[in-house]
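Here the structure comes first, spelled out in structure tokens, and everything after it is commentary.
Please treat every number below as a calculation from the coordinates, not as lab data. Fair warning: this is a prediction, and the values are worked out from it, not measured in the lab. Positions of Cβ are backbone-derived with ideal geometry, glycine not excepted, and every protein chain shown enters the neighbour counts.
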Amino acid sequence: MQYKEIGKAIVALVVFVAAAGCGYHFEGMALMAPESVSTIAITVLENRTSESGIETVFTSDITYEFTRSKVLRVVGKDTADAVLSGTIMSLSEETIAYTASYDSAERRVIITLDLALERADGNVIWSNKSLSDKEAFKVVPSDKLATEKDRRAAIEAMSERLAEKIHNRILQGF
């Protein structure tokens, strides 16, 4: 009987520790703007993929992250202390699971970005030439519309995650 109680206590402890570790950053880790930068402009990303419209999705999510945090004020390019610009370099897909008849059951979409934050004078403050993420989505062989909807949802989930990464990487380095 004691072993069951000890087991329950261990499970409860593991759940508690896991829940406590779900934060985005350690307590006290301050997000700080680069020196002499209080405003930022975010240009529409260039899209070098064949996926139409994702440049606005990614740009919107990045803008939202900076607007939400209020560490830097988002302004137009003409009045900004720094400008974040970049390119969606690639979007690729790979099959990660098959059905019994060797059709795709699950695929993964992978996106790579090339970004730079530059001061108004052109000096690069931060850059990442190969920031990438991937997300799996279900394939419904009998329903191309459902598959495309799941694929688009995967791209949007990556956009949100990458926007948060970009925001945090720019502001945690200073």
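Any idea which residue in segment 120-136 is farthest from S90 (Cα to Cα), counting only those that are of a type in the set (A, V, I, L, M, F, W, C) and in contact (Cβ under 8 Å) with a residue 12 or more places away in the chain? Applying the filter and picking the extreme gives A120. Kindly establish whether V109 is surrounded by fewer than 17 Cβ atoms within 10 Å (Cβ to Cβ) and either more than 16 Å from A157 (Cβ to Cβ) or in contact with a strand residue (DSSP E or B) (Cβ under 9 Å, 6 or more places away or on another chain) (or both). Against the criterion (surrounded by fewer than 17 Cβ atoms within 10 Å (Cβ to Cβ) and either more than 16 Å from A157 (Cβ to Cβ) or in contact with a strand residue (DSSP E or B) (Cβ under 9 Å, 6 or more places away or on another chain) (or both)), V109 does not qualify. Taking E156 as the residue in question, decide whether it is surrounded by fewer than 17 Cβ atoms within 10 Å (Cβ to Cβ), touching a residue at least 40 places away in the same chain (Cβ under 8 Å) and charged (D, E, K, R). In short, yes.
Is it the case, given these coordinates, that K134 is closer than 24 Å to E35 by Cα, charged (D, E, K, R) and surrounded by fewer than 17 Cβ atoms within 10 Å (Cβ to Cβ)? Show your work before the answer.
Working: closer than 24 Å to E35 by Cα: no; charged (D, E, K, R): yes; surrounded by fewer than 17 Cβ atoms within 10 Å (Cβ to Cβ): yes.
So K134 fails the test.
Which one is nearest to the chain's Cα centre (by Cα) among residues in segment 103-145 that are outside any strand (DSSP E or B) and of a type in the set (D, E, K, R)?
Going through segment 103-145, the residues outside any strand (DSSP E or B) turn out to be 103, 120-123, 139-145.
Still in the running and of a type in the set (D, E, K, R): 103, 121, 143-144.
On the way: D103: 29, D121: 28, D143: 28, K144: 26 Å.
Among those that are outside any strand (DSSP E or B) and of a type in the set (D, E, K, R), it is K144.
Look at I54 and say whether it is in contact with a Ser or Thr (Cβ under 9 Å, 6 or more places away or on another chain), within 22 Å of K138 (Cα to Cα) and not hydroxyl-bearing (S, T, Y).
On the way: in contact with a Ser or Thr (Cβ under 9 Å, 6 or more places away or on another chain): yes; within 22 Å of K138 (Cα to Cα): yes; not hydroxyl-bearing (S, T, Y): yes.
It is true that I54 is in contact with a Ser or Thr (Cβ under 9 Å, 6 or more places away or on another chain), within 22 Å of K138 (Cα to Cα) and not hydroxyl-bearing (S, T, Y).
Looking only at segment 65-102, residues that are assigned to a helix (DSSP H, G or I), in contact (Cβ under 8 Å) with a residue 12 or more places away in the chain, surrounded by fewer than 17 Cβ atoms within 10 Å (Cβ to Cβ) and not charged (D, E, K, R) come to 2 in all.
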